[in-house]
C-alpha cells in the first residue's frame, strides 16, 4: 500500500493528464454515438423491419474484438485518437439505439392517441410526449454505453491515443501492481462518477438535456482548441517509444540531448504501441522520431531484404538504412553499440542439470514447455527459424512479454524467448542459450525519422548522433533493471547515463 501511495504522488501530474485525455475520448465518443443512434431510432419507430436490421448490424459490430477493430482502422485513419474514437462510437451504438427504440415503441398507445386528439403535430408529440416518457430508458442506454466506452478506452493506449490505459500497460510491462491499480481504479471511478451525473438527467426535461449536451460540447471543444493552438504555436518535436522500459529510457536520452538547445520544445510519448503503430504514426507525421532496430527494419518494415545467417551487424544496419530510405524516404541515424537481439532462455538450474549452453542442446532437454511472445512465435527469424535450422519441434504457448517471465519463474514453463538486454534475465537468474548457428539477426538501435525532418533539423541529427557507438548490452540491461526492478524513473536513469559518460555538453 505504501508503494501505491508513493507511486500516486510521484505520478500525479501524469495521472491528471491521462485522466483528461480519457475523459475527452469517452465523452466525445458518447456524444457522437448519441447523435447518430437517437435520431436513427426515432426515424425507425414506424419501420419495424429497418429497426430489426439496424439492431442486427449494431449487435454484430459490438461482437468484433476491440483489438481487431483497431487493427482494421489503422491502415484507414492512422493511429492516435481517430481510430480510438471510431471504435468507441461503434461499441456505443447498440445500447443507445436499442434503448431509444424500446423506450419510444413501448409508450402506451392511449397516451399517443390523446396527443393526436389534442391536435399535436408529429414533432410536437415527439417533443412534448414521447421523448419525456422515453427519456429514463434512453438515459439508461446512454449510461450503459458510457461504462462500456470508459472501459474500452483503456485500449486506446495501444495505438498512441493515451488515456488511463497507459498506466495499465506500463504496469503490466514493468510488473508494477501500483501502476495497474492506479489506471484501473481511476477508470472505474471515472465511469461511476460520469454514470451518476448522467443518471440525474433521467428526470430532467428534454430541453435541459440538450442544454447540458451543448454546454459540454463547448467546454470540450474550447479546451481542445486551446491545446491545438498551443501545439501549433510551440511546434514541438514529438518523440515516441514502444512499450517497455528500454524505449522509454532511450526517448528520454533523445529529449535530453535535443533540449540542450534552449529553443527546442520536446514532447515525449512513451508506451506508444507496437512497431507498426509507431511506423504508421511516423509516416502520417503524427510523431517525429522513435527508436527502431536494424533487424526490425529488415524483418518487418521493408520489402525484399537480403537476409541470411551470420549477417554482420554492420551489413544489417547498412541494408536497413538504404532500404528504409529508398522505400519510405526515412533516415535511420547511426546505431548504438549494443545488440538487443532475440534470445532463448532457461532457468539456471535446468541449464546446469542438462548441460544447456546452446540452442542446439535443447535436443536433449526433456519435456520442453515453452512460453513465448506471439511475435517471436510467428517470425521467420524467431521460433520458426530456430525449429528449422536446429532441427527442433518446439511448440510454444503465446504469452504477454512480462507474463512469460513470471511463468518460467513459477515453473509453469521452462523455456522462454527474450531480448538480450531484458532486465528480467538478471532478475530471475535466467541463462541465455547461445545462437551458434546465427538464426537471430543483429538488432542495433538507432533513431528513425523522415528524410524531411532530418533535413529540416540538422541540429537534432547532430545531437542524437552522439549516441552512435555508445551503450553496451551490459549498460542497457543495467538501466532496464534500474527501471523495472528498482523502480527508478526512466528520465532519471537516462540522464544519469548521459552525464556519467559525458554525452551532455553541460
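Of the residues making up the stretch 37-47, those that are at pLDDT 90 or above and either surrounded by fewer than 16 Cβ atoms within 10 Å (Cβ to Cβ) or within 20 Å of the chain's Cα centre (by Cα) (or both) are 39, 43. Suppose we keep only residues that are in a helix (DSSP H, G or I) and free of Cβ contacts under 8 Å to residues at least 40 places away in the same chain within the stretch 24-47. Which one would you say is farthest from residue 99 (Cα to Cα)? Per the criteria, the residue is 46. Inside the stretch 242-258, residues that are out of contact with any strand residue (DSSP E or B) (no Cβ under 6 Å at 6 or more places or on another chain) and either at pLDDT 90 or above or within 16 Å of residue 496 (Cβ to Cβ) (or both) make up a count of 8. If you go through the stretch 126-148 and keep only what is under 26 Å from residue 8 (Cα atoms) and buried (at least 24 other Cβ atoms within 10 Å of the Cβ), you end up with just 146. Of all the listed residues (421, 450, 373), the sole one being in the same structural domain as residue 305 (by TED's automatic domain parsing) and touching a helix residue (DSSP H, G or I) at 6+ places or on another chain (Cβ under 7 Å) is 450.
For the stretch 48-81, the tally of residues that are under 19 Å from residue 164 (Cβ atoms), out of contact with any helix residue (DSSP H, G or I) (no Cβ under 6 Å at 6 or more places or on another chain) and either modelled with pLDDT of 90 or more or assigned to a helix (DSSP H, G or I) (or both) stands at 2. Restricting the stretch 483-506 to residues that are without any contact (Cβ under 8 Å) to a residue 24 or more places away in the chain and assigned to a helix (DSSP H, G or I), the residue that is surrounded by the fewest Cβ atoms within 10 Å (Cβ to Cβ) is 500. For the structure I just gave you, tell me whether residue 468 is closer than 23 Å to residue 242 by Cα and surrounded by fewer than 18 Cβ atoms within 10 Å (Cβ to Cβ). So residue 468 fits the description; yes.
With the requirement that a residue be within 30 Å of residue 455 (Cβ to Cβ) and assigned to a helix (DSSP H, G or I), what does the stretch 323-371 give you? 323, 324, 325, 326, 327, 328 - these are the residues of the stretch 323-371 that are within 30 Å of residue 455 (Cβ to Cβ) and assigned to a helix (DSSP H, G or I). Of the residues that make up the stretch 485-494, is at least one in the same structural domain as residue 290 (by TED's automatic domain parsing), touching a helix residue (DSSP H, G or I) at 6+ places or on another chain (Cβ under 6 Å) and closer than 17 Å to residue 334 by Cα? No, because not a single residue in the stretch 485-494 is in the same structural domain as residue 290 (by TED's automatic domain parsing), touching a helix residue (DSSP H, G or I) at 6+ places or on another chain (Cβ under 6 Å) and closer than 17 Å to residue 334 by Cα. Taking each residue of the stretch 135-148 that is within 10 Å of residue 26 (Cα to Cα) and looking for partners that are modelled with pLDDT under 90 and surrounded by fewer than 24 Cβ atoms within 10 Å (Cβ to Cβ) with beta-carbon atoms closer than 8 Å, six or more apart or interchain, yields 146/194; 146/195; 146/198; 147/195. Could you grab me the full set of residues in the stretch 393-431 that are free of Cβ contacts under 8 Å to residues at least 60 places away in the same chain, under 9 Å from residue 370 (Cβ atoms) and part of a strand (DSSP E or B)? Residues satisfying the conditions are 396, 397. Out of the residues in the stretch 449-472 meeting the condition of being in contact with a strand residue (DSSP E or B) (Cβ under 9 Å, 6 or more places away or on another chain) and not in a helix (DSSP H, G or I), tell me which one is farthest from residue 281 (Cα to Cα). Taking the candidates together, the pick is 471. There is at least one residue in the stretch 262-276 that is surrounded by fewer than 20 Cβ atoms within 10 Å (Cβ to Cβ) and without any contact (Cβ under 8 Å) to a residue 12 or more places away in the chain.
Does residue 21 count as out of contact with any helix residue (DSSP H, G or I) (no Cβ under 6 Å at 6 or more places or on another chain), at pLDDT 85 or above, closer than 30 Å to residue 167 by Cα and buried (at least 18 other Cβ atoms within 10 Å of the Cβ)? Here the answer is yes, as residue 21 does meet what is asked.
The values are calculated or read from the model by the stated rules, or taken from the named source; none is laboratory data. Everything numeric here is computed off the predicted structure, so don't read it as measured data. Every residue, glycine as well, gets a Cβ built from its backbone with ideal geometry; the counts of neighbours run over all protein chains shown.
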